[in-house]
Each structure stands twice: as C-alpha cells, then as structure tokens.
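Working notes, beginning with the structure itself.
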Amino acid sequence: MDQDVTMPILLVAAVALVDPDGRVLLAQRPPGKHLAGLWEFPGGKVHQGETPEAALIRELREELGVETDAKCLAPFTFASHSYPDFHLLMPLYVCRVWQGIARPCEGQKLAWVRVGQLADYAMPPADIPLVAMLRDLL
C-alpha cells in the first residue's frame with residue numbers, strides 16, 4: 001500500500017469473553033453489515049471521547065445483555081489492519097468476570113468455542129492473527 005495515501009482510522013474495541021471452561025465467545029456478523037456472516041470477538045466502535053473500556057462495557061450491555069467493569073477488562077493485544085476504505089485499529093481485551101448470561105440481543109448468532117477450534121470459524125482478516133495469540137494465552 002502506498003504510504004502517502006491517508007485513510008480514515010476506525011477505532012474498535014473487542015473482547016475475548018472467557019468462560020470457566022476456557023471457551024471464548026464469538027458473535028456472527030448479521031446480514032446487511034460489513035463482513036456479514038463472519039465470526040468475531042464481541043465489541044464495537046469507540047465513540048468520540050469514549051475510552052475503549054467504556055465502549056466495551058456499553059457494547060456488552062447492548063449486544064449481549066451482560067454487565068462488567070473496567071477492572072475486569074485486561075488489555076491483551078491489538079489488531080491493525082487495512083481494509084479497502086479504512087484502517088482498523090482494534091485493541092483486544094480478555095474478560096473472565098461478568099454478570100448475566102450472554103444472549104444475542106441484536107439478532108446475531110453466538111457460539112462458545114474452545115480456543116483450539118477458533119480457526120474453524122471464518123473471521124474478518126483483522127481478527128485472524130488474534131486467534132494465535134489467544135491460543136498461547138489459554
């Protein structure tokens with residue numbers, strides 16, 4: 001890619017929710033959205049003036065109906081990936097403590113997946129390198 005070309009940078013926060021059995025929650029992108037049908041770590045756009053942790057707390061409440069606290073979100077790694085019309089910067093957090101049962105509040109499909117099986121799920125290009133990092137952690 002030509003380094004002189006400027007692209008908008010999209011800041012998205014994501015989380016690997018890890019249950020007591022060591023499984024990670026994936027959500028399938030719904031029809032009509034960019035990269036529909038692919039599986040991703042839950043999360044979403046960080047709004048202007050919002051921290052990544054605050055964005056994750058909000059997104060987990062809106063998308064999955066669960067509550068957590070910033071102190072339960074451990075910064076883990078990040079993805080940096082150029083798509084055709086924007087560059088994605090995505091910090092990934094690990095969370096093992098939350099209240100409530102994750103449910104699909106926005107019509108998306110959910111799957112609790114063992115780390116060794118994450119590669120079996122089609123994921124957006126930015127998420128793929130994160131899978132190997134999680135394998136080493138879990």
Residue match in segment 35-55 (condition: closer than 26 Å to Ala119 by Cα, part of a loop (DSSP other than H, G, I, E, B), over 14 Å from the mean Cα position of the chain (by Cα) and not charged (D, E, K, R)): yes
Count of residues meeting criterion [crowded, with 19+ Cβ neighbours inside 10 Å and either at pLDDT below 95 or among the charged types (D, E, K, R) (or both)] in segment 45-57: 1
Residue, nearest to Trp98 (Cα to Cα), within segment 71-81, restricted to residues that are surrounded by fewer than 18 Cβ atoms within 10 Å (Cβ to Cβ) and touching a helix residue (DSSP H, G or I) at 6+ places or on another chain (Cβ under 8 Å): Phe76
Residue in segment 58-70 that is closer than 18 Å to Lys45 by Cβ, out of contact with any His (no Cβ under 9 Å at 6 or more places or on another chain), surrounded by 14 or more Cβ atoms within 10 Å (Cβ to Cβ) and of a type in the set (Asp, Glu) present: yes
Every residue from segment 16-42 that is over 12 Å from Gln108 (Cβ atoms) and of a type in the set (Gly, Ala, Ser): Ala16, Gly22
Test for Ala36: is it crowded, with 20+ Cβ neighbours inside 10 Å, small (Gly, Ala, Ser), closer than 21 Å to Tyr83 by Cβ and without any contact (Cβ under 8 Å) to a residue 60 or more places away in the chain: no
Any strands (runs of 3 or more DSSP E) falling wholly within segment 69-118 and containing at least 3 residues that are over 11 Å from Leu25 (Cβ atoms) and touching a residue at least 12 places away in the same chain (Cβ under 8 Å): 73-82, 87-95
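The values are calculated or read from the model by the stated rules, or taken from the named source; none is laboratory data. Just so you know, these numbers come straight off a predicted model, no measurement behind them. In this analysis, Cβ positions are derived from the backbone assuming ideal geometry, glycine residues included, and neighbour counts consider all displayed protein chains.
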